[in-house]
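K.L.:
Next up is a structure, given as structure tokens.
No lab work stands behind these numbers, since they all come straight from the coordinates. Quantities reported herein were computed from a predicted structural model and do not represent experimental measurements. Ideal geometry is used to build each Cβ from the backbone, glycine not excepted, and the neighbour counts take in all protein chains shown.
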Amino acid sequence: MSTRHAVIGDVGGHAGALRAELARLGVPDEGRGPIPDDLVVVQVGDLVHRGPDSEEVVRQVDGYLRRQPGRWVQLIGNHEAQYVRPAAFQWPTPLDPTAADRIGAWWREGLMVPATVLPTGVLVTHAGLTRGFWREVLGAPGSAGEIADALGALAQADDPALFRAGCLLQGRDPDPLAGPLWAAAASELLVSWAEAEEPAPVDQVHGHSSSYDWERGAWRLGPALAEHGHVDAEAKHVTVDLPAGGRVVGVDPDHGATPRTPWRSWPAPGTA
Ligand SMILES: [Mn+2]
């Protein structure tokens, strides 16, 4: 039986929106039940904060990670990182201790990881891997598997480089070494690869931020790069084909205090 891989973007504490999407993917009991046998869910991180039900989201995902290991792949986002190391920023409504402890345990037990590779060889991280980070911090590994292994090794070593922020936290100029939990889609991630003369070593899928502003209906990219982009406004996906080769897909629907609708997970092509 072939296995579908669905990549779910940032959930932002919206349990209802998560369940609705899971139900659409075939999860029974209106999205509360087990993941079906023909489906693997990859969630890009930022499960929590913003919306009203962060604790419920964490409780449901904890059930999948504990009872159906392998059917749910959980990546760490910068909002989960708040609970696995000293907080990088102040959040006005932190998680209750049970949810915070669950996230900490996922990290310690290796149930929450910085990167995964889809069966088609596509690299998935929270914010995307910038060219600078790939080259300078990882040493330019040549394949998605080697990149994911290198990021996993940084996690094992609790290396602060993995958590390196960028302009979204520091409010300064784009940082060429912004890490895969923080890189801004337009100014740090896409610009870094668009400047390259050689093809990117991997295709990528990321959440965290979007190179298209859903609120305003406008690109955050300059016109030359936006010309290489394609927007799926129904699903809230942005695909950019890099000028020198390689594809970057953004799947962050940018939910706020209320969920942005409509939105969908990203079905990994070739795994349906
Ligand atoms: Mn994020």
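K.L.:
Looking at region 115-134, which of its residues are assigned to a loop (DSSP other than H, G, I, E, B) and within 16 Å of the ligand (Cβ to nearest atom)? Working first, answer last.
P.N.:
Just the residues of region 115-134 that are assigned to a loop (DSSP other than H, G, I, E, B), to begin with: 118-122, 126-130.
Across region 115-134, the qualifying residues are 126, 127, 128, 129, 130.
K.L.:
Could you tell me whether any residue of region 209-222 is among the aliphatic types (A, V, I, L, M) and either more than 16 Å from the ligand (Cβ to nearest atom) or free of Cβ contacts under 8 Å to residues at least 12 places away in the same chain (or both)? Lay out the reasoning, then the answer.
P.N.:
To start, the set of residues in region 209-222 that are among the aliphatic types (A, V, I, L, M) comprises 218, 221.
Now narrow it down to the ones that are either more than 16 Å from the ligand (Cβ to nearest atom) or free of Cβ contacts under 8 Å to residues at least 12 places away in the same chain (or both): 218, 221.
Checked region 209-222: at least one residue is among the aliphatic types (A, V, I, L, M) and either more than 16 Å from the ligand (Cβ to nearest atom) or free of Cβ contacts under 8 Å to residues at least 12 places away in the same chain (or both).
K.L.:
Within region 39-51, can one find any residue that is under 18 Å from the mean Cα position of the chain (by Cα) and of a type in the set (Lys, Arg)?
P.N.:
Within region 39-51, one or more residues are under 18 Å from the mean Cα position of the chain (by Cα) and of a type in the set (Lys, Arg).
K.L.:
Of the residues that sit in region 156-181 and are farther than 21 Å from residue 221 by Cβ, away from the ligand (no atom under 14 Å from the Cβ) and in a loop (DSSP other than H, G, I, E, B), which one is farthest from the chain's Cα centre (by Cα)?
P.N.:
The extreme case among them is 157.
K.L.:
Have a look at 23, 6, 17 and point out the one that is surrounded by 22 or more Cβ atoms within 10 Å (Cβ to Cβ) and either free of Cβ contacts under 8 Å to residues at least 12 places away in the same chain or over 23 Å from residue 115 (Cβ atoms) (or both). Even if it seems obvious, please write down each step before you answer.
P.N.:
Working: 23 fails: surrounded by 22 or more Cβ atoms within 10 Å (Cβ to Cβ); 6 fails: either free of Cβ contacts under 8 Å to residues at least 12 places away in the same chain or over 23 Å from residue 115 (Cβ atoms) (or both).
Checking each option against the conditions leaves just 17.
K.L.:
Here is a follow-up. Among the residues of region 48-100, how many are under 24 Å from residue 158 (Cβ atoms), of a type in the set (A, V, I, L, M, F, W, C) and part of a helix (DSSP H, G or I)?
P.N.:
Result for region 48-100: 6.
K.L.:
Right, something else. Consider residue 137 against the criteria (1) out of contact with any Leu (no Cβ under 9 Å at 6 or more places or on another chain); (2) farther than 27 Å from residue 6 by Cβ: it satisfies all of them except one. Which criterion is unmet?
P.N.:
(1)
K.L.:
Give me the residue from region 186-208 that is of a type in the set (Gly, Ala, Ser) and in contact with a Lys or Arg (Cβ under 7 Å, 6 or more places away or on another chain) and, out of that set, nearest to residue 223 (Cα to Cα). Show your work before the answer.
P.N.:
Pass one, region 186-208, residues of a type in the set (Gly, Ala, Ser): 186-187, 192, 194, 196, 200, 207.
Narrowing the set further to residues that are in contact with a Lys or Arg (Cβ under 7 Å, 6 or more places away or on another chain) leaves 186, 192, 196.
On the way: 186: 12, 192: 16, 196: 17 Å.
Step by step, filter region 186-208, then rank; the result is 186.
K.L.:
Which count do you get for residues in region 191-200 that are buried (at least 20 other Cβ atoms within 10 Å of the Cβ) and either within 16 Å of the ligand (Cβ to nearest atom) or part of a loop (DSSP other than H, G, I, E, B) (or both)?
P.N.:
Total meeting the criteria: 1.
K.L.:
Let me ask something else about it. Considering only residues that are β-branched (Val, Ile, Thr), within 14 Å of the chain's Cα centre (by Cα) and within 16 Å of residue 41 (Cβ to Cβ), which ones fall in region 233-272? Even if it seems obvious, please write down each step before you answer.
P.N.:
Filtering region 233-272 for residues β-branched (Val, Ile, Thr) gives 238-240, 248-249, 251, 258, 261, 271.
Going one step further and asking which of them are within 14 Å of the chain's Cα centre (by Cα), we end up with 238, 248-249, 251.
The answer is 251, and nothing else.
K.L.:
Would you confirm whether or not region 237-257 contains a residue that is under 20 Å from residue 121 (Cα atoms), among the hydrophobic types (A, V, I, L, M, F, W, C) and surrounded by fewer than 17 Cβ atoms within 10 Å (Cβ to Cβ)?
P.N.:
yes
K.L.:
Please count how many residues of region 1-17 are under 15 Å from the mean Cα position of the chain (by Cα), of a type in the set (A, V, I, L, M) and either within 16 Å of the ligand (Cβ to nearest atom) or over 17 Å from residue 57 (Cβ atoms) (or both). Lay out the reasoning, then the answer.
P.N.:
From region 1-17, those under 15 Å from the mean Cα position of the chain (by Cα) are 5-13; that's our starting set.
Then keep just the ones that are of a type in the set (A, V, I, L, M); that gives 6-8, 11.
Next cut, either within 16 Å of the ligand (Cβ to nearest atom) or over 17 Å from residue 57 (Cβ atoms) (or both) only: 7-8, 11.
Going through region 1-17 one residue at a time, the tally reaches 3.
K.L.:
Of everything in region 38-53, what is in contact with a Ser or Thr (Cβ under 8 Å, 6 or more places away or on another chain) and either more than 16 Å from the ligand (Cβ to nearest atom) or farther than 19 Å from residue 250 by Cα (or both)? Give them in sequence order.
P.N.:
Quick first cut of region 38-53, residues in contact with a Ser or Thr (Cβ under 8 Å, 6 or more places away or on another chain) only: 38-42, 44, 47-49, 51.
Result: 38, 39, 40, 41, 49, 51.
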